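Take this structure, written in structure tokens, and hold onto it; I'll ask about it next.
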Amino acid sequence: MRVFNTLSGKKEDFHPLEPGGVRMYVCGVTVYDYCHVGHARSTVVFDVISRYLKYRGYNVVMVRNFTDIDDKIIKRAKEEGVSWEEIARRYTEEYYRDMDALGVSRADYEPRATEHINEMIEMIEGLIKKGYAYVVDGNVYFEVNKFKDYGKLSKRSKEEMLAGARVEVDERKKNPLDFALWKASKEGEPAWPSPWGPGRPGWHIECSVMSMKHLGETFDIHGGGADLIFPHHENEIAQSEAYTGKPFVRYWIHNGFITVSKEKMSKSLGNFFTIREVLKQFDPEVLRAFLLSTHYRSPVEFSYEHLLETEASVDRFYTTVMRTEQYLEHIKEDQPDTEDKQMEETIERLRERFEEAMDDDFNTALALGHIYEFLRELNRFLDRRPQGKKTVALLKRALEVLKDVTSVLNLFQRTPYQWQVSLLEKKGIGLTVEEIEEKIRQRQEARKRRDWGLADSIRDELQRKGIILEDTRFRTLWRVKLSTEAR
RNA sequence: GGCGGCGUACCCAAGCGGCUAAGGGAGAGGUCUGCAAAACCUCCAUUCGCCGGUUCGAAUCCGGCCGCCGCCUCCA
């Protein structure tokens, strides 16, 4: 297995510290607002990475944190006139609603910063004792000049960073690059007692403390969005390695951004779409598939049109499954088997190709390509109207492998019927399943009488409402009409 | 200004020195069908931003140029 490591800047063979076990930490969100599609990408990407590692037989321990105290939360609370705890509680809940919908599974540990204040104080004291940090007016800063390797992750020297000139001015710091481990609280701000007076932790310290607590001083994978490389992850390395004297993380993995008109989607630019908004019009599976149809390190351009294209792909998957299942209901087992050597091979090759793609730095886009290609081969096989006992086993095997492989992506795990019912709602069709089926019954009557005029008018009527009918040899199926053109 | 990334067909997208440049969407024609739909078949990049170089051989490596983006400040 090959993994791109931000630290080395290249793909490396993946070997966890302990064979058979992987310990990974992923930076979660600051809970002060609804999550947007950018948050969804990071969360889904690392969800898939964790799932694939498990599929590969590793015993994975995954930690994903919540930052539940920070300036943005305090600001939001002030604006709304509620406590910061209320803001954090509310948006943690909303986070779960969105991510559950997207099929993201819970991490083994999901620690919150405020539950680890004591451990943070302990670590900060240790850093002061070792001479890596200093106290000024109730604030504690990490002294960057004391840590030789500072800049090794983001690949820049301290000099270069200072030349960048956009560094904040804070007279109390020895060096503008020094960062806060502990911030003195002002009157009325949330505060915890500490040896340096009432205050709250800086942002970076929480991840060092919580990862160390659950995963040890050195662990395998640390992930997050590429915007965390500097300064967040750089600072985590500095404080952690200064504290323990040991390497902090072996593989740093960072996902690329979601863009809108080529620009990074972000709160500050205001060009973001919340997950909530997207899910009003699209099944969560469409968003998940969309996020996985590009390699995780590449930028993804977000647009309504692209979501429609993904929707068509997901529909194609379920349509093929529906067709296969229906075919299996009517296949004749007592007839001689259809020649099927090619198909047998194709099925087994799907798994190989899937693993090959995922082994190469979690290439979900390639993996999905193989899956869609397989659908074509499966359809082609069905077009030959294969018969016999062995064919039944073969088709069942095809569905099984398909389900198995896609479960790693946590896509396509529902029934085609569930998918269609969901579309009925998302596309605002305004018909119930019962109403559609009643129309189909009426049309079947007309067709029996060879009353094509009536049959066609019923079909046209449904079509106008967004329902497409398919007359198969066995029965009439309905599907929600999809369009890849923007409405 | 410093550092990093990207530029593959109408759109999205894989590709990391060597079979005919994956796959999806759109489009054109065909098979099937009462007619449709779905599915399948055929067509749709002699070419990978541009210009040079290395090599028997490059979309893939090197150099230059053009264009776009990101990080250097909170940010997934």
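Given the criterion in contact (Cβ under 8 Å) with a residue 40 or more places away in the chain, within 13 Å of RNA strand B (Cβ to nearest atom) and assigned to a strand (DSSP E or B), identify the matching residue among A:VAL45, A:VAL26, A:VAL61.
A:VAL26
Moving on. Give the residues of segment A:360-401 that are among the charged types (D, E, K, R) and either free of Cβ contacts under 8 Å to residues at least 40 places away in the same chain or farther than 30 Å from A:SER298 by Cα (or both), sorted by residue number.
The answer is A:GLU373, A:ARG376, A:GLU377, A:ARG380, A:ASP383, A:ARG384, A:ARG385, A:LYS389, A:LYS390, A:LYS396, A:ARG397, A:GLU400.
Provide a single number: the residues in segment A:202-228 that are closer than 22 Å to A:TYR141 by Cα and in contact with a strand residue (DSSP E or B) (Cβ under 6 Å, 6 or more places away or on another chain).
Qualifying residue count, segment A:202-228: 5.
Which condition number in (1) on the phi < 0 side of the Ramachandran plot; (2) surrounded by fewer than 16 Cβ atoms within 10 Å (Cβ to Cβ); (3) more than 8 Å from RNA strand B (Cβ to nearest atom) is the one that A:GLY216 fails?
(1)
For residues in segment A:365-396 being open to solvent by less than 10 Å² (accessible area, probe 1.4 Å) and of a type outside the set (A, V, I, L, M, F, W, C), which is farthest from RNA strand B (Cβ to nearest atom)?
A:GLY388
Then there's this: With assigned to a loop (DSSP other than H, G, I, E, B), within 15 Å of RNA strand B (Cβ to nearest atom) and surrounded by 15 or more Cβ atoms within 10 Å (Cβ to Cβ) as the only criterion, which of A:PHE354, A:PHE362 stands out?
A:PHE362
Also, I was wondering about something else. Could you tell me which residue of segment A:168-210 is modelled with the lowest pLDDT, considering only residues that are open to solvent by 80 Å² or more (accessible area, probe 1.4 Å) and within 15 Å of RNA strand B (Cβ to nearest atom)?
By that ranking, first place goes to A:GLU168.
Can I ask one more? Quick check on segment A:329-341. Is at least one of its residues among the basic types (Lys, Arg), open to solvent by 80 Å² or more (accessible area, probe 1.4 Å) and not in a helix (DSSP H, G or I)?
Scanning segment A:329-341, I find at least one residue that is among the basic types (Lys, Arg), open to solvent by 80 Å² or more (accessible area, probe 1.4 Å) and not in a helix (DSSP H, G or I), so the answer is yes.
Yes/no per residue for (1) among the small types (Gly, Ala, Ser); (2) in a loop (DSSP other than H, G, I, E, B); (3) in contact (Cβ under 8 Å) with a residue 40 or more places away in the chain:
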| site | (1), (2), (3) |
| --- | --- |
| A:GLU93 | no, no, no |
| A:SER105 | yes, yes, yes |
| A:THR114 | no, no, yes |
| A:ASN118 | no, no, no |
| A:ILE121 | no, no, yes |
| A:GLY131 | yes, yes, no |
| A:ASN145 | no, no, no |
| A:GLY151 | yes, yes, yes |
| A:GLU160 | no, no, no |
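Across segment A:1-19, what is the total count of residues that are open to solvent by 40 Å² or more (accessible area, probe 1.4 Å), more than 9 Å from RNA strand B (Cβ to nearest atom) and not basic (Lys, Arg)?
Residues meeting the conditions: 9.
The values are calculated or read from the model by the stated rules, or taken from the named source; none is laboratory data. Remember, it's a predicted structure, so these values are computed and weren't measured experimentally. So basically every Cβ, Gly included, is an ideal-geometry build from the backbone, and we count neighbours across all protein chains shown. Surface areas here come from the heavy atoms of the whole protein model, side chains and all, with no ligands, DNA or RNA. Shrake-Rupley method; radii C 1.70, N 1.55, O 1.52, S 1.80 Å.
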